[in-house]
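Trainee: Shown below is the structure under consideration.
The values are calculated or read from the model by the stated rules, or taken from the named source; none is laboratory data. A quick note: this is a predicted structure, and the numbers were derived from the prediction, not measured. Methodologically, a virtual Cβ is constructed for each residue, glycine included, from the backbone with ideal geometry; neighbour enumeration extends over all protein chains shown.
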Amino acid sequence: MIILGVDPGTLIAGYGVIERNGNTISLLDVGVIKNGSDVSMPLRLKKIYSTLCSVIDRFHPDEFAIETAFYSKNAQSALKIGQARGVSILASVNHEIPVTEYSPREVKKAVTGKGAASKEQVQYMMMSMLKLKATPKHFDSTDALAIAVCHAFKISAPQSVPPPKNRRAGKNWKSFVKAHPEKILKFTNSK
């Protein structure tokens, strides 16, 4: 299954493409869509839409994950991000790809274990999990990868985990991994 994650923004929008094959997650592509501040909003939105359509045409993702809008004290910023989210979602919907949204807190918790993790912590986890060779220049790209990885975790997670048959068997990670090897995801870098 191929997942496209998007961190929306009108000046810099990040995208990350991963492939989940069983319990293995591999990096396919990561990047940013950059717009100059001197470029009009309609042209920025067009570039975001056309670039994402190009990424979709190249990788044919099965799933699309995007960060939800967050509350901002600056109404103009919230509106601009909403427009970037809109054209990003439109690119996915026009290609008939299901869209799932995750809050920033939910993404951070899924990839770092802490909902209030910093961008640096998220970047470190993405570099470690996906074995990135170089540190991406923009946090937007690793945030987009984190959104895609969060989605991979969510779609692979069981709805409810039955209690262990042997109470002692569920006491630590080592016994859990031994009892449930099918639930362990492995990360590779195929780029």
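Trainee: Mind listing just one residue for me: the one in region 107-126 that is surrounded by fewer than 16 Cβ atoms within 10 Å (Cβ to Cβ) and of a type in the set (D, E, K, R) and, of those, nearest to Asp140 (Cα to Cα)?
Mentor: The residue in question is Lys119.
Trainee: If you don't mind, another one. Could you figure out which of (1) closer than 27 Å to Pro8 by Cα; (2) more than 14 Å from the chain's Cα centre (by Cα); (3) modelled with pLDDT under 95 isn't true of Val87?
Mentor: Checking Val87 against (1) closer than 27 Å to Pro8 by Cα; (2) more than 14 Å from the chain's Cα centre (by Cα); (3) modelled with pLDDT under 95, the one that fails is (3).
Trainee: Okay, moving on. Collect the residues in region 85-114 that are among the acidic types (Asp, Glu), out of contact with any Gly (no Cβ under 9 Å at 6 or more places or on another chain) and either free of Cβ contacts under 8 Å to residues at least 12 places away in the same chain or assigned to a helix (DSSP H, G or I) (or both), keeping them in residue-number order.
Mentor: Glu96
Trainee: If we only count strands (runs of 3 or more DSSP E) wholly inside region 5-84, which ones have 2 or more residues that are under 15 Å from the mean Cα position of the chain (by Cα), surrounded by fewer than 20 Cβ atoms within 10 Å (Cβ to Cβ) and of a type outside the set (A, V, I, L, M, F, W, C)? Talk me through it step by step, then tell me what you get.
Mentor: Working: elements: 12-21, 24-34, 63-67.
Filter on region 5-84 gives 24-34.
Trainee: Can you tell which of Ala65, Ala69 is modelled with pLDDT under 95, within 19 Å of Arg85 (Cβ to Cβ) and out of contact with any Pro (no Cβ under 8 Å at 6 or more places or on another chain)?
Mentor: Testing whether each residue is modelled with pLDDT under 95, within 19 Å of Arg85 (Cβ to Cβ) and out of contact with any Pro (no Cβ under 8 Å at 6 or more places or on another chain) leaves just Ala69.
Trainee: So how many residues does region 24-79 have that are among the β-branched types (Val, Ile, Thr), touching a Ser or Thr at 6+ places or on another chain (Cβ under 7 Å) and closer than 30 Å to Pro181 by Cα?
Mentor: 3
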